[in-house]
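What follows is calculated from the coordinates using simple rules that are stated; it is not laboratory data. Fair warning: this is a prediction, and the values are worked out from it, not measured in the lab. Counting neighbours? That spans all protein chains shown, and the Cβs are built from the backbone with ideal geometry, glycine included.
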Amino acid sequence: MKKQSFHACATCIHFQAEKYEKGISYRCKRLGYETKPNYQFQCWTPKEHVQKLMEKRLREMKE
């Protein structure tokens with residue numbers, strides 16, 4: 001299974017969305033950069049629920 005199907009900033013533990021009067025700001029807490037939910041960086045660490053989904057799909061592929 002390719003991690004690319006899950007790999008995006010929005011699924012990373014470092015992704016942070018902040019709502020303001022003028023809109024929403026997306027940031028990477030680790031890098032300190034403004035980002036977008038669909039961006040990808042090599043430092044990606046999936047959130048716990050994403051990791052479980054990846055493991056589930058991997059098990060299904062092996063069956």
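Observations, loosely collected:
- Looking across region 4-32, just one residue is of a type in the set (D, E) and out of contact with any strand residue (DSSP E or B) (no Cβ under 7 Å at 6 or more places or on another chain), and that is E21.
- Some residue of region 15-33 being hydroxyl-bearing (S, T, Y), assigned to a loop (DSSP other than H, G, I, E, B) and surrounded by 12 or more Cβ atoms within 10 Å (Cβ to Cβ): yes
- Any pair with Cβ under 8 angstrom, 6 or more apart, that starts in region 39-63 at a residue that is surrounded by 10 or more Cβ atoms within 10 Å (Cβ to Cβ) and ends at one that is of a type in the set (A, V, I, L, M) and in a helix (DSSP H, G or I): P46/M54
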